[in-house]
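**Q** Below is a structure I'd like to ask you about.
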């Protein structure tokens, strides 16, 4: 809960424990990243690893049941079209928005997945009226399936951080990491509590895809 009477929500699919363990290995192999890049690198806790279908933002608690019903309705219609569970393959590592000014490290899928695109569109259209309208909320014009695995922030103790030459080759990547399979068999409405640490995400609605 971030604001009184408000709940911070997003729609996502968590990564299962087996595949999350591979990402944990990536974290262990790059424990010196903060020092190497002269920047604060915070790897995402394993319980929080997920693909975001839609970031909704702060919603009044009184509207929670309406959000649930509209999400269930949208997903039911998507299933009626013959859609079923599917897989997303993450096949490369990227730094967004750039290596010069890094904000997040992601595992990205470069393979077109029409089911993923249609699911994102369905969820977005079904919940559009609840979306938080704020300049602080960044929304992609095109859906890009990805897992955020590390977040970067300036280390003010490092005065020369802006002159550091960073490269993706600085990362040690487990041989078995790619392609990383993400089974999309459940879509969840998730509440985010920014003050709850590693366990700050809790699912309040799980919708199974057959």
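**Q** Scan the stretch 88-109 residue by residue and report those that are more than 19 Å from residue 174 (Cα to Cα) and outside any strand (DSSP E or B).
**A** Answer for the stretch 88-109, where residues must be more than 19 Å from residue 174 (Cα to Cα) and outside any strand (DSSP E or B): 98, 99, 100, 101.
**Q** A further question on this structure: Are any residues in the stretch 112-135 surrounded by 12 or more Cβ atoms within 10 Å (Cβ to Cβ) and either closer than 27 Å to residue 180 by Cβ or under 16 Å from the mean Cα position of the chain (by Cα) (or both), and if so, which ones?
**A** If the condition is that a residue be surrounded by 12 or more Cβ atoms within 10 Å (Cβ to Cβ) and either closer than 27 Å to residue 180 by Cβ or under 16 Å from the mean Cα position of the chain (by Cα) (or both), then 113, 115, 116, 117, 118, 119, 120, 121, 122, 123, 124 are the ones that fit.
**Q** I'm trying to understand the selection: among the residues of the stretch 28-46, which are closer than 18 Å to residue 197 by Cβ and surrounded by 17 or more Cβ atoms within 10 Å (Cβ to Cβ)?
**A** 41, 43, 44, listed by residue number.
**Q** Moving on to the next point. Among the residues of the stretch 159-204, how many are in contact with a strand residue (DSSP E or B) (Cβ under 9 Å, 6 or more places away or on another chain) and part of a loop (DSSP other than H, G, I, E, B)?
**A** The total comes to 11.
**Q** Assuming residue 140 fulfils every condition listed in (1) part of a loop (DSSP other than H, G, I, E, B); (2) surrounded by 13 or more Cβ atoms within 10 Å (Cβ to Cβ) apart from one, which condition is it?
**A** Result: residue 140 passes all but (2).
**Q** For the stretch 1-87, which helices (runs of 4 or more DSSP H) that fit wholly inside it have 1 or more residues that are modelled with pLDDT of 95 or more?
**A** Values: elements: 17-29, 33-37, 64-80.
Helices (runs of 4 or more DSSP H) meeting the threshold: 17-29, 64-80.
**Q** Has the stretch 62-75 got at least one residue that is closer than 30 Å to residue 156 by Cβ and surrounded by 13 or more Cβ atoms within 10 Å (Cβ to Cβ)?
**A** no
The values are calculated or read from the model by the stated rules, or taken from the named source; none is laboratory data. This one's a predicted model, so the numbers in the text were calculated from it and none came from an experiment. A quick note on method: Cβ atoms are made from the backbone with ideal geometry, for glycine too, and the neighbour counts reach across all protein chains shown.
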